[in-house]
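Take a look at the structure below.
The values are calculated or read from the model by the stated rules, or taken from the named source; none is laboratory data. Every value quoted in this text rests on a predicted model; they were computed, and no experiment measured them. We place every Cβ from the backbone using ideal geometry, glycine too, and count neighbours over all the protein chains shown. Side chains included, ligands, DNA and RNA excluded: accessible areas come from the protein's heavy atoms. Shrake-Rupley method; radii C 1.70, N 1.55, O 1.52, S 1.80 Å.
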Amino acid sequence: MRTNDPDHDVPESAYEAMYQLYKQIIIAAYETYGYLFDYVDPDRNETKHPMTQWIKWFAQRLANDEAEFPWNFPVAQYHQIKIIAADQNYETNFGDFMIADDQLRSLVPAVGYHYNTDDGPKAPYKQLADQYDHEVWYSEGVAPMTRGDYRVRASAGTGIGGQQSGLDIANRLIKSYFKSRRSLYLFQPAVAAYYPGVNYSHKELITAQQPWSGHFTVDNVGLQIIKHFTDFVTCGWDPKTAWRILTTACYSGVGGTENLGTHTDAASYMTFVAPDKQDFSTVFVNDSATPHQYRVNITNLPNKRLYVWQSTGPTQATAAYDSQLKKMVATPAITAGAFTVTVPAYAIITVTTLDKTQDTSVQYQRITAAQPNDVLVQDADRQLLYEDHFDYPQFESTYLDHRGGTPRYLTDQGGAFEVVTDQTKKPILQQMITEKERALDWEYSFAPNFTVGDDRWSDYTVTLAYRFDTTTVQNSPDGNYIGIDLRQTTDVKGRLESAPYVVKLDTNGFYQLLVRDQVVLFDYVTVFDPEKWHQLSFGAKGNVLTAELDGQPLFTWTDTKNPTYAGRVKVGCGYFKTQISQLTVKQAAAGNLVTKRLDNLNQAVTYTGSWQHLVGQRNTIWERTLSIATNAPASFEFDYQGHGFALVSHQKEPVTLQLIIDGTCVVDQVQTNAGAEKGTHYKWLQATAGQHHAKVVVLSGAYQLDAIEILERQV
């Protein structure tokens, strides 16, 4: 229920049903995946109006519930689950509520809020930690936006620093403790194992978005910056082993409350001390162009040898991006109870009494995936990119049980698509959420849909075998439909219509084609039985779209204005229990695949002329990076192996390019399409594949380059 006063407007009679939702989720997670939650927040994510009465009721119910648990469920451990609240976003009034309410404080051992590093006006979070020994969490914070290997090429010249960099995150860790006593930082996310394109894209420490290949990428810069904290302390809650933060030796004068982008030349440091007070580690962060020098006075500690570990960007233009990560640069001694240390520009250092010089887990090693980043192609001989019958005979019979009925490679949004068995015991993919069962989402929610596949797929056809649910009743009479999207790369709001090309067919036999969220074709099937199984196909080759229903053509349509050439598949329906028995994605005959996508700041791309290289951009841009030619003529060059390439980004004004392949001008002048964010504005193809060198010259216009997609044609 959306209200500005939920504690008053949500009656206590609704609490039990609300509690049961949490309880059943906790039980299901334990039974399906084998883990039990340690903490739970019963309030809404980033609430502006914390439900303190509900939180207290929930905490007491959680601790005393003895009824209706599975026979093997660890009920005693369930009773020990702790409450974390209220996960507000910037607001701090829940801290005030905790200070004012003894009962609430006794029932909620951990408090957390998001992004804002400052405390409230009355410093409630400092009070909770210092006076009441409460845990205070930075319960949602970003990871670095734009990986460090790209960031070091930015025009700003900040190396591994700058807004939303690893150094920025390190400053947030320090400032959030100094200002509001937060001792736990939760990344949103630390590992991204969802398809890129949603709201949270391109801001993680580890990217694992190709489950078919096992490939992953690591932001080695961001990870090592975090390890400057964790490698030189013992973390955790065990009072016998966990190091303490020495509050009197922590400080941050960096400006800003979330993105710490002002006064970055101010002091920033954090000190940890071992339980026996015989060892310490201090982390210093300098996200500015001016070196910092510190003199540190030591009392009540033996004169020990110190070890200084440092990370900064490459010191030479030709050096590897990680050539200066996690270097042990000095071993000064404590002299007369003090030592002096200099922190270079755009650097982080840890000064520690611990000798970690022989510890291989501390020494920097670049982490890369053993598996190549192969395009998802299930059977090249059959031109089969992907097919799913939802039975998975290649795995054990308990495979789906262990996954809770979750199909492979599918990401739900809005609804829940699970594998069930029909009357003949055949596995069927079924959308499970009806309108009456729909929960209140965090901010908004669109109708059920799922995403599947590889965003490097280009020319392909999707075929669904499906059956409508004609028994469920909902408010909207025309909300019962099936839809297929092609070439989807951006999906910030979780909509079926987020893809450039969408076909929808409803139970009345009406169908429509949407191109860039506009209906361009509307028609109907004269004889259509919604009770039967049907087969809907939707495909794209080049800029030509085709659709069929049960083998009969629906339409052929050509996108002549601003075609998009690559992206994955989305499938959606209304809040009905629509069933799908087969999903097939086949490559078009003589169609193209994107074999590799080069980011504009990849080391393989070189630039000549006047360019501005930007990082930390919108999540609708690959890797949040963008290169802009600020004064024509300017050019960029790269090598490619294949039949051609596509240039990706949105051109805000007319741009003219010249194309030189292997030293020969093959296109003297061409005006690009407008393109779209993560969309193609120019494509070059040739008859035969091979190793080539391309030079693209910007002749006029403010040209923007996001990525380069290397194309390979399937013969």
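Before moving on, here are some points about what is shown:
- The stretch 455-479: number of residues that are surrounded by fewer than 21 Cβ atoms within 10 Å (Cβ to Cβ) and not in a strand (DSSP E or B): 11
- Pairs, first touching a residue at least 12 places away in the same chain (Cβ under 8 Å) in the stretch 68-84, second open to solvent by 80 Å² or more (accessible area, probe 1.4 Å), C-beta under 7 Å, six or more apart: Pro70/Glu31; Ile81/Asp38; Lys82/Asp38
Residue-wise test of (1) outside any loop (DSSP other than H, G, I, E, B); (2) surrounded by fewer than 12 Cβ atoms within 10 Å (Cβ to Cβ); (3) free of Cβ contacts under 8 Å to residues at least 12 places away in the same chain.
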site	(1), (2), (3)
Arg366	no, no, no
Asp381	yes, yes, yes
Glu387	yes, no, no
Gly404	no, no, no
Val419	yes, no, no
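- For Thr158: the one exception among (1) over 16 Å from the mean Cα position of the chain (by Cα); (2) assigned to a loop (DSSP other than H, G, I, E, B); (3) surrounded by 23 or more Cβ atoms within 10 Å (Cβ to Cβ): (3)
- Some residue of the stretch 413-426 being modelled with pLDDT of 95 or more, among the charged types (D, E, K, R), under 30 Å from Met18 (Cβ atoms) and in contact with a strand residue (DSSP E or B) (Cβ under 7 Å, 6 or more places away or on another chain): yes
- Of the numbered criteria (1) open to solvent by less than 20 Å² (accessible area, probe 1.4 Å); (2) outside any helix (DSSP H, G or I), the one Lys122 fails is (1).
- Inclusion of Gln310 among residues that are at pLDDT 95 or above, open to solvent by 10 Å² or more (accessible area, probe 1.4 Å) and not hydrophobic (A, V, I, L, M, F, W, C) is warranted.
- Subset of the stretch 499-538 [within 26 Å of Tyr565 (Cβ to Cβ), assigned to a strand (DSSP E or B) and among the hydrophobic types (A, V, I, L, M, F, W, C)]: Val502, Val503, Leu505, Leu513, Leu514, Val515, Val519, Val520, Leu521, Phe522, Leu536, Phe538
- Candidate set: the stretch 480-493, residues that are in contact with a Gly (Cβ under 6 Å, 6 or more places away or on another chain) and in a loop (DSSP other than H, G, I, E, B); chosen: the one surrounded by the most Cβ atoms within 10 Å (Cβ to Cβ): Asp491
- Top-ranked residue of the stretch 184-195 - restricted to ones that are touching a strand residue (DSSP E or B) at 6+ places or on another chain (Cβ under 6 Å) and touching a residue at least 40 places away in the same chain (Cβ under 8 Å), ranked as most open to solvent (accessible area, probe 1.4 Å): Leu186
- Test: Ala702 is surrounded by fewer than 18 Cβ atoms within 10 Å (Cβ to Cβ), within 20 Å of Val605 (Cα to Cα) and within 31 Å of the chain's Cα centre (by Cα): yes
- Of residues in the stretch 581-593 being over 28 Å from the mean Cα position of the chain (by Cα) and under 22 Å from Gly405 (Cβ atoms), the one most open to solvent (accessible area, probe 1.4 Å): Gln582
- Selected residue (criterion: farthest from Gln579 (Cα to Cα)) from residues of the stretch 517-545 that are touching a residue at least 40 places away in the same chain (Cβ under 8 Å) and surrounded by fewer than 17 Cβ atoms within 10 Å (Cβ to Cβ): Gly542
- Residue in the stretch 421-470 that is nearest to Lys532 (Cα to Cα), counting only those that are hydroxyl-bearing (Ser, Thr, Tyr) and free of Cβ contacts under 8 Å to residues at least 60 places away in the same chain: Thr424
- Residues of the stretch 389-402 that are open to solvent by 40 Å² or more (accessible area, probe 1.4 Å) and either assigned to a loop (DSSP other than H, G, I, E, B) or in contact with a strand residue (DSSP E or B) (Cβ under 7 Å, 6 or more places away or on another chain) (or both): His389, Asp391, Pro393, Gln394, Phe395, Glu396, Ser397, Thr398.
- In this structure, Gln210 does satisfy being under 27 Å from Pro372 (Cβ atoms), surrounded by 14 or more Cβ atoms within 10 Å (Cβ to Cβ) and modelled with pLDDT under 95.
- Qualifying residue in the stretch 53-64 (condition: on the phi < 0 side of the Ramachandran plot, modelled with pLDDT under 95 and either part of a loop (DSSP other than H, G, I, E, B) or surrounded by 12 or more Cβ atoms within 10 Å (Cβ to Cβ) (or both)): no
- Residues (over 27 Å from the mean Cα position of the chain (by Cα) and either surrounded by fewer than 18 Cβ atoms within 10 Å (Cβ to Cβ) or assigned to a loop (DSSP other than H, G, I, E, B) (or both)) located in the stretch 125-155: Asp130, Gln131, Tyr132, Asp133, His134
- Among the residues of the stretch 623-673, the ones that are in a strand (DSSP E or B), closer than 22 Å to Ser610 by Cα and open to solvent by 70 Å² or more (accessible area, probe 1.4 Å) come to 7 in all.
- Of all residues making up the stretch 260-274, the number that are surrounded by fewer than 18 Cβ atoms within 10 Å (Cβ to Cβ), within 28 Å of the chain's Cα centre (by Cα) and in contact (Cβ under 8 Å) with a residue 12 or more places away in the chain: 1
- Complete set of residues in the stretch 141-154 that are in contact (Cβ under 8 Å) with a residue 60 or more places away in the chain and either more than 15 Å from Trp622 (Cα to Cα) or not hydroxyl-bearing (Ser, Thr, Tyr) (or both): Val142, Ala143, Pro144, Met145, Arg147, Gly148, Asp149, Arg151, Val152, Arg153, Ala154
- Strands (runs of 3 or more DSSP E) (entirely within the stretch 250-337) containing at least 3 residues that are within 13 Å of Thr352 (Cβ to Cβ): 268-273, 280-286, 307-312, 327-330
- Residues that are farther than 16 Å from Met18 by Cβ, in contact with a helix residue (DSSP H, G or I) (Cβ under 8 Å, 6 or more places away or on another chain) and of a type outside the set (D, E, K, R) within the stretch 46-79 comprise Ala63, Asn64, Phe69, Pro70, Phe73, Pro74, Tyr78, His79, listed in sequence order.
- The set of residues from the stretch 314-332 being open to solvent by less than 50 Å² (accessible area, probe 1.4 Å) and touching a Leu at 6+ places or on another chain (Cβ under 7 Å) comprises just one member, Pro332.
- Within the stretch 338-360, restricting attention to residues that are assigned to a loop (DSSP other than H, G, I, E, B) and surrounded by 16 or more Cβ atoms within 10 Å (Cβ to Cβ), the residue that is nearest to the chain's Cα centre (by Cα) is Tyr346.
- Inclusion of Thr234 among residues that are surrounded by 17 or more Cβ atoms within 10 Å (Cβ to Cβ), free of Cβ contacts under 8 Å to residues at least 60 places away in the same chain, within 26 Å of Lys326 (Cβ to Cβ) and of a type outside the set (A, V, I, L, M) is not warranted.
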